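To start, the structure under review is shown below, and the notes come after it.
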Amino acid sequence: MQTPPNARIPVLPSRNLVIFPGQSVPMLIGRTKSLAAVEEACKNEGWVILIAQRTEVDVPGVDDLYKVGTLSKLTRLKGDPKNGLQVLVTGHARFEVEELADGPEFLHASGRVLEDLQDLEEGTAKILMKHMKDLAKEMLSFLSGDLKKLAVFIDAVEDPILLSHTVVQHLDLELGQKQDLLQLISLKQRYLALLDLMVKQKEELKLQSEVNRKLSEKIGKQQREAILREQMKTIQEELGEGHSGSESAYGTKIENAKMPEAVKKIALEQWNRLKTLGESSPESHVIRNYLDLLCAMPWSKSSSDEIDLEFARETLRKDHYGLDKIKRRILQHLAVLKLKKDKKGSILLFVGPPGVGKTSLGKSIAAALGRKFVRASLGGVRDDAEIRGHRRTYIGAMPGRIVEGIKRAGVNNPVFMLDEIDKLSRGYSGDPASALLEVLDPEQNAAFTDHYLEVPFDLTNVFFIATANTLDSIPGPLLDRMETIHLSGYTIPEKLHIARNHLVPKQFEDHGLSSEQLELSEEVLLKTITSHSREAGVRELERKIAEIVRASAEKVLAVDAKLPIVVSIEVLEDILGPEKFFHEVAEFYTPPGVVTGLAWTPLGGEILFVEAKAMPGSGKLTLTGQLGDVMKESAQIGLSLVRSKLAGFAEPFDFSKNDVHIHVPAGAIPKDGPSAGVTMVTTLASLLLNRSVDPKLAMTGEVTLRGAVMPVGGIKEKMIAAHRAGIERVILAKKNERDLRDLPAEVQSGLKFEFAERVEDVLKIALGVEIPNATEQNQGSWAAAC
């Protein structure tokens, strides 16, 4: 065999292509380094080494190529480097690369030619060759196209090496499989491996051929049915018989739907298509469902939305007690809607604990506007198709909840409530929160396209209201599209008013009773509120009232019943059981090392106790009660502050010989946040000074390592919780004073607020301890130095 004139030969990398010796394959060369390698090869009689790439990179390096390629020769060059060169590559021998270098213009390599190891006996070779030829001809019979010449050529090959190369070159194998066969120099091993692959591929081709045959028969049957239907249609027209009544009715429905022209055009196309299909055709049912939806959508039907602010104010006042700030904010929003001319859709987000009236507020807004109300619960939704719908190609496809809700409302400007938007989850099927971005953007939702509807629908007239218990799980881009309105918990007087004027009459009506038959005093209602249903909202309270009414129904029907039946405190305990909640602060004495703090939760505010104990040890600080990282850091800061502030102030306390244990009860509930900082400091100071803190004093605020008291959030919810629990005084950061104007009047009058700027102020209020602050100490030190 003629060999290339020089030892370093240009390398031509190939993607998804392996060439075997004796085979010719056309290639299109377009990459810069490949063009340079071809140009260099032409200077040396066209010799190149064709090596397959391991990876799909545009500019392969040394590590991206296999170590065995094919020594090849280039012939028949066509084209130009700008548009790509077309070359015919003919393999000559296997080539093992010993040194591969990446030059500035092209890759080049040196190595040795691998000769085939002819380890087959003559008789064995003939048997294997006959088996391979038979398999090849059988496989070619399953393929379409004119392959007779290839079959004749394979049958005429007598050289076992050339036969193996010809067969493998035309097999549809993966790149790795072909590369493995190229690297096999043993003819026996190559034949066995190749025959195994051919048997597997023959079975696949046989199965594919059977599937194609059955599919062709089915398509032929459908074409025959279509021709017969067309003939039947002609016969019906000759006999004067029209289409079925349901098909003809679609024309009237489409006209009456008052669709936009673009949508109407699509509806008419689908109707005409339906007329060509038979009743038994599966596609006809899909088209009918689609046309039914198109005709049912309120393309131009709207509710009268003349906004009467006085009527809206009266509706909100009648339906909801309290929530004055929320009502005022809603009325301001309605006033803007009345004034502005381009009434684009509004998006509000009500955030608050369960049971405070978020959903019922949406219903009241719809009633105040005179619009239809639609609600879609998004809790647990994890598929974006729930929002955008499924494509009609799927079996059982349906429109999304937005389009379905608009259809159910029957108007294009309803009040649409997206309930529990913070409970959306993300699954493998998509992200529903991302699908809502278009729905809740007034700049985009004018052409909202549902996957099932497949035509744009204008959502700009829809008044969207979303509800959530917390903002933490709502993605930022989605939250940015909504105007947030926070709803906090009810106070005890507000709950009493709601129970007396709303919940009790509702339960009487639901159970068929009247005030002449059953009497619930304010004392019983108050006991139910404070001892059996401590919550931010009134949902549990309503369940307890229903339980009382249900238990009293039997007594009302008794023969000797004296009406009205009066539910006393003693009877209340028989019905609801012993008290579940009681005022810990008002009824228990707090020893040194126990201080009352305030916390915010998604359900509203809560009080919590911070307890500390000292014991002999090695100066270790132990924290328990499922505390988060931020709360643990607050405890560390509190200990550092107490050690620095109380050093030399009280009886000596050797921290190196004592351990301190801080615990926050309700250990099953995770707790975190910086607002317990002042509580931690006061608890440790109370323990070390052996002084008790007033049990009716609570506090909240973050502390810094230099002793500053920083403001925290959730003040309204915390103060309502303090008032509900019987707290009389509260210590707050001075900068939180501005947050008190949002408090209900009874909370403001029932609590005394103490403001602190530094830890020294907190300790003076809570423990009566006068400690010079850091600024005074520094000034004294400077004065002494001077």
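Counting only C-alpha contacts under 8 Å and six or more residues apart, can you give the relative contact order of the stretch 256-314 as a whole percent?
Working: 23 pairs, mean separation 27.3, N = 59.
Reported relative contact order: 46 percent.
For the stretch 37-188, with only Lys/Arg (+1) and Asp/Glu (-1) charged at the beta-carbon, what is the dipole magnitude about the Cα centre, in debye rounded to 20?
Numbers: 17 positive and 27 negative charges, 123 e Å.
Once rounded to the nearest 20, the dipole reads 600 debye.
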Can you list the lysines whose alpha carbon is less than 24 Å from that of residue 206, not counting same-chain residues fewer than 8 positions off?
130, 133, 137, 148, 149, 178, 214, 218, 221
Quick calc, the stretch 629-752, dipole around Cα centre from Cβ unit charges on Lys, Arg (+) and Asp, Glu (-), nearest 20 debye, gives 280 debye
Which cross-chain or sequence-distant (5 or more) residues have an amide H under 5 Å from the amide H of residue 484, H modelled 1.01 Å from N in plane?
349
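Rg/Rh for the chain: what does it come to with C-alpha atoms and Rh from Kirkwood?
1.17
Please work out the average accessible area per residue across the stretch 349-499, using the 1.4 Å probe convention, and give it in Å². Mind showing how you got there, number by number?
Details: 5590 Å² over 151 residues.
Accessible area per residue, the stretch 349-499: 37 Å².
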Computed over the stretch 295-412, the distribution of all Cα-Cα distances in 5 Å bins, rounded to whole %, is 2, 9, 16, 20, 18, 15, 10, 6, 2, 1, 0
Here the gain from full extension of residue 735 to residue 142, 0.36 nm per residue of separation minus their alpha-carbon distance, amounts to 205.1 nm
Compute the distance in nm between two label points, each set 7 Å from the Cα along the Cα-to-Cβ direction, one at residue 636 and one at residue 275.
8.0 nm
Using θ = phi - 60° and the Karplus relation 6.51 cos²θ - 1.76 cosθ + 1.60, list the HN-Hα couplings for the stretch 390-395 in order, rounded to whole Hz, with x at every Gly or Pro.
9, 5, 5, 5, 7, 5
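How many percent of all Cα-Cα pairs in the stretch 1-158 sit more than 26 Å apart?
Counting every Cα pair in the stretch 1-158, those more than 26 Å apart make up 37 percent.
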5 Å-binned pair-distance histogram of the stretch 1-90 (Cα, whole percent)
3, 14, 27, 28, 20, 8, 1
Ratio to report: Rg/Rh of the stretch 618-707, with Cα atoms as the point set and Rh obtained by the Kirkwood method; give two decimals.
0.95
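Scale the Cα Rg of the stretch 651-756 by the rule-of-thumb value 2.2 N^0.38 Å and send over the ratio, two decimals.
Details: Rg = 15.3 Å, N = 106, 2.2 N^0.38 = 12.9 Å.
My calculation over the Cα atoms of the stretch 651-756 gives 1.18.
For the stretch 427-524, what is the convex hull (Cα atoms) projected area averaged across all directions, in square nanometres? Mind dumping the intermediate values first?
Working: hull surface 45.1 nm².
That works out to 11.3 nm², a quarter of the Cα hull's surface.
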Restricting to Cα atoms and excluding each atom paired with itself, what does the Kirkwood estimate give for the stretch 462-598 in Å?
18.0 Å
Listed residue (183, 399, 556) projecting farthest to the positive dipole end of the chain, Cβ model:
399
State the antiparallel share, in %, of DSSP beta bridges confined to the chain, rounding to the nearest 5.
55 percent
Here, the stretch 99-231 modelled as identical Cα point scatterers in vacuum has Debye log10 I(q)/I(0) at q = 0.15, 0.17, 0.20, 0.22 Å⁻¹ of -0.83, -0.96, -1.16, -1.31
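Leaving out ligands, DNA and RNA, what percent of the accessible area of the stretch 86-156 is carbon and sulfur, probe 1.4 Å? Spell out each step's value before the answer.
Numbers: 2300 of 4320 Å².
With neighbouring chains kept in place, the figure for the stretch 86-156 is 53 percent.
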From zero outward in steps of 5 Å, how is the percent of C-alpha pairs of the stretch 79-130 spread across the bins?
4, 13, 10, 13, 17, 13, 10, 7, 7, 5, 1
Determine ³J(HN,Hα), in whole Hz, for all residues of the stretch 627-634 in sequence, where each value follows from phi through the Karplus function 6.51 cos²θ - 1.76 cosθ + 1.60 and θ = phi - 60°; x replaces Gly and Pro.
8, x, 4, 5, 5, 5, 5, 4
I need the phi-derived Karplus couplings for the stretch 743-759: 6.51 cos²θ - 1.76 cosθ + 1.60, θ = phi - 60°, integer Hz, Gly and Pro marked x.
6, x, 4, 5, 6, 4, 6, x, 10, 9, 9, 10, 10, 10, 9, 9, 4
Could you look at the stretch 411-453 and say what percent of its accessible area is carbon and sulfur, using a 1.4 Å probe and all protein chains?
49 percent
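Only Lys, Arg, Asp and Glu count, each charged at its Cβ (+1, +1, -1, -1), so figure out the dipole size of the stretch 490-547 about its Cα centre, rounded to 20 debye.
With only Lys, Arg, Asp and Glu charged at Cβ, the dipole is about 240 debye.
Give me the 1.4 Å probe accessible area per residue for the stretch 133-199, excluding ligands and nucleic acids, in Å². If you can, show how the numbers build up before the last one.
Values: 3430 Å² over 67 residues.
With all protein chains present, the stretch 133-199 gives 51 Å² per residue.
Over the chain, calculate the relative contact order: mean separation of alpha carbon pairs under 8 Å at least 6 apart, over the residue count, as a percent. Write down the numbers at each step before the final one.
Details: 1350 pairs, mean separation 56.3, N = 786.
Once divided by the residue count of the chain, the mean separation gives 7 percent.
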Amide H neighbours of residue 14 under 5 Å, counting only residues 5+ apart in sequence or on other chains, H built in-plane at 1.01 Å?
51, 52, 53
Take the solvent-accessible surface of the protein heavy atoms, probe 1.4 Å, and return the percent of it on the stretch 494-637 that carbon and sulfur atoms account for.
54 percent
For the stretch 414-473, averaging the sequence separation of alpha carbon pairs under 8 Å that lie six or more residues apart and dividing by its residue count, the contact order in percent is 50 percent
Farthest toward positive dipole pole in the chain [+1 Lys/Arg, -1 Asp/Glu at C-beta], among 143, 669, 460:
460
Of the candidates 300, 34, 348, the farthest towards the positive dipole end of the chain (Lys/Arg Cβ +1, Asp/Glu Cβ -1, centred on the Cα centre) is 300
With the other protein chains left in place, how much accessible area per residue, in square angstrom, belongs to the stretch 510-633 at a 1.4 angstrom probe?
54 Å²
Among 623-633, 177-187, 675-685, what's the highest-first ranking by average C-beta atoms within 10 angstrom per residue?
675-685, 177-187, 623-633
The answer for residue 609, listing residues at least 5 apart or on another chain whose modeled amide H is closer than 5 Å to its amide H, is 597
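The values are calculated or read from the model by the stated rules, or taken from the named source; none is laboratory data. These numbers were taken from a predicted model, which means no experiment stands behind them. Cβ sites come from the backbone with ideal geometry, for glycine too, and all protein chains shown count toward neighbours. Keep in mind that these areas ignore ligands, DNA and RNA; they rest on the heavy atoms of the full protein, side chains included. Shrake-Rupley method; radii C 1.70, N 1.55, O 1.52, S 1.80 Å.
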